Amino acid sequence: MPDWREAVRQRLERSRLDPSRRAAVVEELAQHLEDRCADLLAAGASPAEAERRTRAELDESTGRDETVGTPAAPLERIGRGNGIADLGRDLAQAARRLRGNVGFAAVVVITLALGTGANAAVFSIVDAVLLRQLPFREPDRLVSVAARHADRGRYPFNLPDFLDYRDRNRTLAGLAAYGSWSINLTGTGDPERLSGLRVSAGLFDLLGTRPIAGRALLPADDEPGHQRVVVLTHALWQRRFGGDPGIVGRSILLNGAGYEVVGVLPPQFLFPIREAELAAPLAPQADASRAVRTSTNALFAIGRLRPGVTLEQAETDIDAVARRLREEYPEANAHKAGAMVTPLRDELVSGFRQALWVLFGAVGVVLLIASVNLASLSLARASSRHREMAVRAALGASRGRLVRQLGAESLLLSLLGGAAGVLLAGFGVDLLVALSPASLPRLVEVHLDRRVLLFTLAIALLSGMVFGLGPALWGSRPDLQEMLRSRRGDGAGPARRRGRSVLVVAEIALSLVLLAGAGLLVKSFVRLQRVDPGFRADHLLVLRLSLPKDRYHGRVATAAFCDTLRPRLVALPGVEAAGVVSALPLSGTLAAVPFTIDGRAAPPDEHLQVHYRLADAGSFRALGVPLVAGRMFDAHDGPDAPPVALVSRGLARRFWPEADPIGATLHIDDNDSGPRPVTIVGIVGDVRHLGLDSDPEPHLYIPVSQAHEDSVGLLTGNQYWLLRTSVAPQSLVRAARQAVASADAGVPATNIRTMEQYLEASVAPRRFNLRLLLAFAAASLLLAATGLYGVISYGVAQRTHEIGVRMTLGALRRDVLRLVVGQGMALAAAGVGLGLVASLLLTRVASSLLFGVSATDPATFAGIAVLVLGVALLACLLPARRATRVDPIVALRSE
């Protein structure tokens, strides 16, 4: 082996090191090199390889630049030259150092890749849904306009209201209305039911949307006689027509009528009703309801603010119009307390805003925990390089020079981790889009782009600063005298040990916050799943149909179709009950009508309304909704019989708390001619129609055969057939479709699902939040446990001599075990305490995401604390058991 003392002495001849200190530095550095070479030989390296790697360390320590093979300037002069050259030299040295410590580099890069990749994937969704402007002209001036209901907030308005809002306002440059439109597409391939919109033809001009083929709807298309035109979404154009550009100018059959396709919308176009796939003119002047003040409320609107007009000014203006309408038409507008004007983007994403920000914050915390973990690892590594840093400082290297060299390693690792994170983000985005609920808006815009790449690079560099800056600052302040006094020379002083302990406490605290949030969501979701929806979802098949209005334009024709189809469905093998209803539970579809109770004066300043559905007796049997009192609908409740109704138990309890409502008469306003009387013949169980997390709304059910001509459209355009089966529901899909075709081949039955699928869709947003937060919380706990394990293991290695002394003096293995585990559990307890305090403050942010659980639920917090302490105990036991196996003689001899 070479004479390392002579090699070091020759290297230091040109240095400006004080001669009085040179001998000590030569001795210490030579001893370090001998130990390093011996370690490499013991690890299995050949003598030549051990000497080469040891000389490389000597070159780095004394300022030789191996990249050119010539002596560099003395260390005390490095850093005064060209900054770019210095950075290149630092990065080259960092790369050589990391090649010599592949394990450390791999851990850092993998951890950063996972953290930055997850953050980039979630950011891609947050960016597309919440941060990016809508793909319209001057999107910040677009607003959503709706009526404000006295009891329920945002509420639709009718056609006369829209015309008044449009013509009387002074703050909007344009106002366009839209409403849902159920469509049967026939004539080309298999019949298909589609969701569409009736829109003011000027909507696309107001939005500034340019079709990719043909033209958009024009204001002239709203004129009578010109409204039989339609524009298609890009998705429908591709799916149904194969992207054929020749579709523009052709006629297609919608609800049995011919409509000319005049344009195809761009892929990123976003309808306010996400399921819509095409749009036709609203044509208000051709609609008979334009003059009927009591017509159905089914419209919302989009407006554009005039230049210089604020949102508050527009709302004041529209609200004043709504109040004037209430004064002019008090009966028709009794429930409309005013108008609401909100930014269009906020309206489109209102149901997901808080959940996405919570998830983004959670994944950010995971990256922070990972960075803290890497900081602890880097600090331990910096301590092991204390001898090297002390020698460099003794040779004249400034603190800035040492910080820059250590920082170069962090920078290089950050760039590598960020690059790997971008690759993982691509898979993460696809996974998140696949897991996202179908109701999440703007999913088509979620992808990796320049903004996401820049964000990934930024957080990678920020993470590098977090885990690299502290260790670099600590590592750049070595004390040569302290090093010379310590035989180990690793710089693992009390301050650095406390620093690593603080980092571990922070990791545990942060992971507990995430776990507490996940625990609350889990408990909330479990309670939500236990909620009784008021019906049985198992073995229930749902067919959603829409009848062509050119052939089914009244009650008689619609009831006749139901009477024709019902026996065909009941006759299917395995079907136990079949029925029809105008709106499915959990579909979010509600229709409310005003009512009064015969013989009772209406409460002052209170306008009674009840949710209204058309149904037959079979629908209640199929759903399993119980009859509480009275009777169900039967064959005697025909169109010529006295009108009857069923009421929900909630409605009966509210208005007849001490009496029997059977036989009572209600006057319901479900038509354009005025209230009509119906007699209550039965009470049925409450059903949660809006969602499992919503209280059951009071409901009134009218038999299909007695639907008023003005309200039968609720069933014509949107009817749900329910089949209770004794076999797997999916096995009857084909037979059910054939039964519908045998009743009327022009009625498509393409939308067939099980009730369990509808139930799953209703909780899909909560399930999405739960899955992601659970994954992030589990990752944070694993990182925290790893960090605690690393600190305890490092502590055991540092205290090997102490443990040997204790065991020599008679300490038992259990005493050593208690000592090591106690050290780790003290850190864990501190982290749990800090995390509980932070959780009590932060979980309130997600309170709106919870159901049936308090944001400060004691049982959840206690369970999470026990879980974290249990995992911490496991992380401590492994190094503690290793400590109990220390041989006292070997430990003492090693020192």
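Quick note: the coordinates plus some simple rules give every number you see, no bench work behind them. A quick note: this is a predicted structure, and the numbers were derived from the prediction, not measured. Reconstructed Cβ throughout: ideal geometry from the backbone, glycine too, with neighbour counts over all protein chains shown.
The label-point distance for Asp695 and Glu260, in a model that sets each label 7 Å from Cα toward Cβ, rounds to 5.4 nm.
For segment 162-202, the spread of Cα positions along the three principal axes, ordered from largest to smallest, is 48, 13, 10 Å. Across segment 96-212, Cα pairs under 8 Å and at least six residues apart give a relative contact order of 17 percent.
Contour minus end-to-end for Asp598 and Leu454, with contour as 0.36 nm per residue of separation and end-to-end as the Cα-Cα distance?
On the way: separation 144, 0.36 × 144 = 51.84 nm, distance 6.75 nm.
Using 0.36 nm per residue and subtracting the Cα-Cα distance, I get 45.1 nm.
Give me the percent relative contact order of segment 148-225, please, defined on Cα pairs under 8 angstrom at least 6 residues apart. For segment 148-225, the relative contact order is 20 percent.
Between the beta carbons of Arg814 and Val531, assuming R0 = 60 Å, the FRET efficiency works out to 0.75 to the nearest 0.05.
I need the calculated FRET efficiency for the pair Asp287 and Ala320, taking r as the beta carbon distance and R₀ as 30 Å, to the nearest 0.05.
That pair, Asp287 with Ala320, gives E of 0.70.
Between Val522 and Phe427, what's the calculated FRET efficiency when r is the beta-carbon distance and R0 is 30 Å? Round to 0.05.
On the way: r = 26 Å, r/R0 = 0.86.
About 0.70, to the nearest 0.05.
I'd like the antiparallel share, as a percent to the nearest 5, of DSSP beta bridges with both residues in segment 212-273. Provide the component values of the computation, followed by the final result.
Values: 6 of 10 bridges.
Bridges in segment 212-273 are about 60 percent antiparallel.
The string of couplings for segment 245-257 from the Karplus curve (6.51, -1.76, 1.60, θ = phi - 60°) is x, x, 5, 5, x, 8, 9, 10, 8, 10, 6, x, 10 Hz, one whole number per residue in order, with x for Gly and Pro. Between Ala635 and Gln10, full extension at 0.36 nm per residue minus the direct alpha carbon distance yields a gain of 213.9 nm.
Full extension of the segment from Ser742 to Leu840, taken as 0.36 nm per residue of separation minus the current Cα-Cα distance, would add 29.1 nm.
Relative contact order of segment 663-759: 16 percent, from C-alpha pairs under 8 Å at least 6 residues apart in sequence.
Phi angles of segment 688-695 translate, via the Karplus equation with coefficients 6.51, -1.76, 1.60 and θ = phi - 60°, into HN-Hα couplings of 7, 7, 7, x, 5, 8, 10, 5 Hz per residue; Gly and Pro are given as x.
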